[in-house]
Amino acid sequence: MSTRACSVSTKVQLPVTSPAAPKNVNDGDLDTGLQHREGHAYRADMTTHAPHYVTLGRSGLRVHPICLGAMTFGTEWGFGTDVAHSDAMLSRYLELGGNFIDTANIYTKGHSEKVIGDYFRTGAGAGTRDRVVIATKFGGNMWPGDPNGGGSSCKGMMSAVEHSLRRLGTDYIDLLWCHFWDRLTPIEELMRGMEQLVRQGKVRHLGLSDHPAWVCALAQSFARHNGATPLVALQIEYSLLQRTVEAELIPMAIHEGMGVTPWSPLRGGVLSGKFSRTHLPTDDGSTRVKSDSKFLHERTWVLLDALHAMAAQKKCSVAQLALRWTMNRPGVASTIIGTRTLAQLEDNMGSMNIVMTPDETKALDALTKPELPFPCDFLEFVRSGIHNGTTINGVHGDGWPLSPQNASERW
């Protein structure tokens, strides 16, 4: 009997606090019309290993708010960690209550999936595979010269998933991502192919990674109107230095019931706290941040100055603070970390214990406010023309000066 992913088709009313988003901050101005949220901190007790879990998007799948990214498992790409250190990080992550691991068919030429598979099949995690949520991706081409080796076609997808199952040493994938938008494959073919994998019992839940908002919305609409398995997650780059996703992708994900799992929340290490105006990265392979990175400019140094000052006051690391900011954003379910050492893992997991005040969040928001595309600014401008002096769902709109002010002025 095939296994189907389960979902509850209920309309999401915006703005509301959902289980997919932490609730401990006033989220600052997103410029998306999303209402700010204030509440109590959710946090892991790092001494008793009793973390808080969240449901992923509009699904019942429970995941840890920090997802362990496995792109660093293996050294085949010139960076990353060997098998022994990868296994050690897996063990420590699980000890701290983590249960969500993210990889891809192409990571370290497939070795990343093999490391995870061996760990749960014959390594320290033997016998516990069902206790974790393993996510992997298809779309990357592992076969030079083969046009069907990558992409989102049914042929490429089915082949990639079979190889992933083999490397992972499992008969099912908890969450399957389409890694990036393949412009050449119709959305209908993509969604029907993924639905077939669910019906075959090889996949439990579905998500999209690095797709435009309109593609995600169209794909979700296709699933909804054809009785297919819905998308429950969206993986996108999101950090203090990459906020353009707040224009369309974040609001779309919330509306469509897709839990956001940000990648590169530290912008590849720029927000780790290791670099400054006087201490620039060296191109010696010790870091993925290059000396000519486009993110190393005065605006970033100003942000890092503020993060260092705030971190010193809160007695935490800069990386923990930057991670916590991303974790607290509307729609974010689980934030992906990519660590190469146990020390980095311990530090990143410590972000679960950070509580940011509304003023701290607003300060960081102001330093990193993105320039969003039309019609974002225009819609903010015309809010008064819609609300005209009223507050709706907590969002206030000033009185509109061009509105008729009384019955005698109204035609």
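Quick notes
- Check on Glu95, in contact (Cβ under 8 Å) with a residue 40 or more places away in the chain, closer than 27 Å to Gln344 by Cβ and crowded, with 23+ Cβ neighbours inside 10 Å: no
- In the set Val245, Val215, Val232, only one residue is of a type in the set (Val, Ile, Thr) and touching a helix residue (DSSP H, G or I) at 6+ places or on another chain (Cβ under 8 Å); that residue is Val215.
- Matching residues in the stretch 53-74 - criterion: being assigned to a loop (DSSP other than H, G, I, E, B) and buried (at least 16 other Cβ atoms within 10 Å of the Cβ): Tyr53, Leu56, Gly57, Arg58, Ser59, Leu61, His64, Pro65, Ala70, Met71, Thr72, Gly74
- Filter result for Arg183 (in contact (Cβ under 8 Å) with a residue 24 or more places away in the chain, surrounded by fewer than 23 Cβ atoms within 10 Å (Cβ to Cβ) and of a type in the set (Lys, Arg)): no
- Residues located in the stretch 191-234, provided they are of a type in the set (D, E, K, R) and surrounded by 19 or more Cβ atoms within 10 Å (Cβ to Cβ): Glu195, Lys202, Arg204
- Residues within the stretch 153-177 that are over 25 Å from Gly259 (Cα atoms), among the charged types (D, E, K, R) and surrounded by fewer than 18 Cβ atoms within 10 Å (Cβ to Cβ), tallied: 3
- Of the residues making up the stretch 251-292, those that are at pLDDT 95 or above and either surrounded by fewer than 19 Cβ atoms within 10 Å (Cβ to Cβ) or farther than 19 Å from Leu367 by Cβ (or both) are Pro251, Met252, Ala253, Ile254, His255, Glu256, Gly257, Met258, Gly259, Val260, Thr261, Trp263.
- Residue within the stretch 169-187 that is small (Gly, Ala, Ser) and under 19 Å from Gln235 (Cα atoms) present: no
- Condition check for Gly150: in contact with a Phe, Trp or Tyr (Cβ under 6 Å, 6 or more places away or on another chain) and surrounded by fewer than 23 Cβ atoms within 10 Å (Cβ to Cβ): no
Conditions (1) within 30 Å of Phe120 (Cα to Cα); (2) outside the structural domain of His297 (by TED's automatic domain parsing); (3) of a type in the set (Gly, Ala, Ser), marked per residue:
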position	(1), (2), (3)
Gly227	no, no, yes
Pro230	yes, no, no
Ile236	yes, no, no
Val245	no, no, no
Gly257	no, no, yes
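- Members of the stretch 97-128 found to be assigned to a loop (DSSP other than H, G, I, E, B) and of a type in the set (A, V, I, L, M, F, W, C), listed by number: Ala104, Ile106, Ala124, Ala126
- Condition check for Ala124 on (1) touching a Ser or Thr at 6+ places or on another chain (Cβ under 8 Å); (2) buried (at least 18 other Cβ atoms within 10 Å of the Cβ); (3) among the hydrophobic types (A, V, I, L, M, F, W, C): one failure, at (2).
- Residue check, Thr17 outside the structural domain of Leu367 (by TED's automatic domain parsing), under 21 Å from His255 (Cβ atoms) and at pLDDT below 95: yes
- Selected residue [in contact with a strand residue (DSSP E or B) (Cβ under 6 Å, 6 or more places away or on another chain) and either at pLDDT below 95 or surrounded by fewer than 21 Cβ atoms within 10 Å (Cβ to Cβ) (or both)] from Glu237, Glu188, Glu248: Glu237
The values are calculated or read from the model by the stated rules, or taken from the named source; none is laboratory data. Everything numeric in this text was worked out from a predicted model, so none of it was measured. Please note: Cβ atoms are built from the backbone with ideal geometry, for glycine as well, and neighbour counts cover all protein chains shown.
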